[in-house]
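Structure first, then comments.
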Amino acid sequence: MARKNPFANILDDNDRPAERSVVEYAAKGASRSILSTLDDMAARADKLAAGETIVDLEPDTIDVSFVRDRRANDEREFNELVEAVRENGQNSPILVRPHPKTVGRYMVVFGHRRLEAAKALGRKVRAVVKEMEDREHVLTLGQENSARANVPFIERALFAADLARLRYDEDNATILKALSIDRTTLSKMLSVASLPAQVLDAIGEAKGIGRDRWYELKLLMDKPSNHDIAFEVIKEDGFAALPSDGRFDLLVRRLKSSASRKRTQSAPQKRSWTPTGGSLSADITSDAKRFTLAIKAKSSEARAFGDFLSENLDRLYEAFRQDSTQLREEP
């Protein structure tokens, strides 16, 4: 009895191997399972490279962004985030990129607080990994924050200042695109960001304070004399205990109050003098450091009286000094 050719199923009519894929022969049983796994891994790698899939990463392998969008840390909000992640899991992944300088590590693009929450809970963080250059990094971070309504103005202003120092372009086009703002707003942001760091740190996020009020503070601080006042205010007992918006309001009120007092004190006083039976008059203007006497008359008497005063200034001043001395010596 003739034996069946064991290769008959893979030969064509001309006893030549059929033009079939090697995978077709092996895709059975365990081999099929292995190939399926490899296919899944390859597809996953492709998606990962394109930033299209979510992976779980160890928080310790992720470094913070080279430019930060948020500085202040609201402890209450962070604790609420930790509890939400503990109860419901991490609903929204963070975005990371392969670290530009260290192989095997990552850098956060956005999602720093979610990363810290994962660390606090001792669990992995869900993340999208995407290759990108530094400029794309800051554009993505800025645009992600622009889409959120709760980012305080001062945080956006400080972020804009950080980007300006990186000098990606001479016309700040990168910053305008990242933050979706116009040049007037950027100018005010950079101006506010130049406030003394001690004052900004003491005030904090001030979430309820918008662009115009921050710019008002900047204009008040443009007066050098207000710097000392501001530093005194932020060191006062009870200042740090106020909410952030309250600290801002108190500082602005004190600076305005000081400016008002200075205007009142320095406002010149005006009065007039007319002698009994005289044909002349005098307008007198005085402030803390200046006294002006303007004598007027329809005749030449004004000049004559002015000459008389000038010639007798030494005697008049000596009489003034003697009177002043006697007044100081009286009990």
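Were the residues from ASP287 through LEU219 laid out at 0.36 nm apart, the gain over their Cα-Cα distance would be 21.9 nm.
What does the C-alpha gyration tensor say about the overall shape of the range 147-189? Classify as rounded when a/c is under 1.5, otherwise prolate if a/b is larger than b/c, or oblate.
It comes out prolate by the Cα gyration axes.
Extension gain, THR53-ASN150: 0.36 nm per intervening residue step, less the Cα-Cα distance, totals 32.2 nm. A 1.4 Å probe over all protein chains sorts ASP283, ASP212 by accessible area into ASP212, ASP283, starting with the largest.
Label-to-label distance for SER187 and PHE231 is 3.1 nm, based on points extended 7 Å past Cα in the beta-carbon direction. For the set LYS289, LYS188, solvent exposure ranked by accessible area (probe 1.4 Å, protein chains only) runs largest to smallest as LYS289, LYS188. Note on GLU77 and ALA197: the model spin-label points, each 7 Å out from Cα along the C-beta direction, lie 2.2 nm apart.
Averaged over its residues, the range 102-172 has an accessible area of 48 Å² per residue, based on protein heavy atoms and a 1.4 Å probe.
Extension gain for GLU131-SER257 works out to 40.0 nm (0.36 nm per residue, less the C-alpha to C-alpha distance).
For the range 170-275, the Kirkwood hydrodynamic radius comes to 16.0 Å, computed from all pairs of different C-alpha atoms.
The heavy atoms of MET132 present about 10 square angstrom of accessible area, all protein chains included, probe 1.4 Å. With R₀ set to 25 Å, the beta-carbon distance separating PHE308 from ARG271 gives a calculated FRET efficiency near 0.75.
Taking label positions 7 Å along the Cα-Cβ direction at both ASP212 and ASN88, the computed distance is 3.5 nm, reported to one decimal. Among TRP214, TRP273, the sequence by solvent-accessible area, most first, with a 1.4 Å probe is TRP273, TRP214.
Could you give the dipole magnitude of the range 145-232 about its Cα centre, charging the beta-carbon of Lys and Arg +1 and that of Asp and Glu -1, in debye to the nearest 20?
Here the range 145-232 has a charge dipole of around 280 debye.
The values are calculated or read from the model by the stated rules, or taken from the named source; none is laboratory data. This is a predicted model, so every value here is computed, not measured. Heads up, the Cβs are rebuilt from the backbone with ideal geometry, glycines too, and the neighbour counts pull from every protein chain shown. Heavy atoms of the whole protein, side chains included, go into the accessibility calculation; ligands, DNA and RNA do not. Shrake-Rupley method; radii C 1.70, N 1.55, O 1.52, S 1.80 Å.
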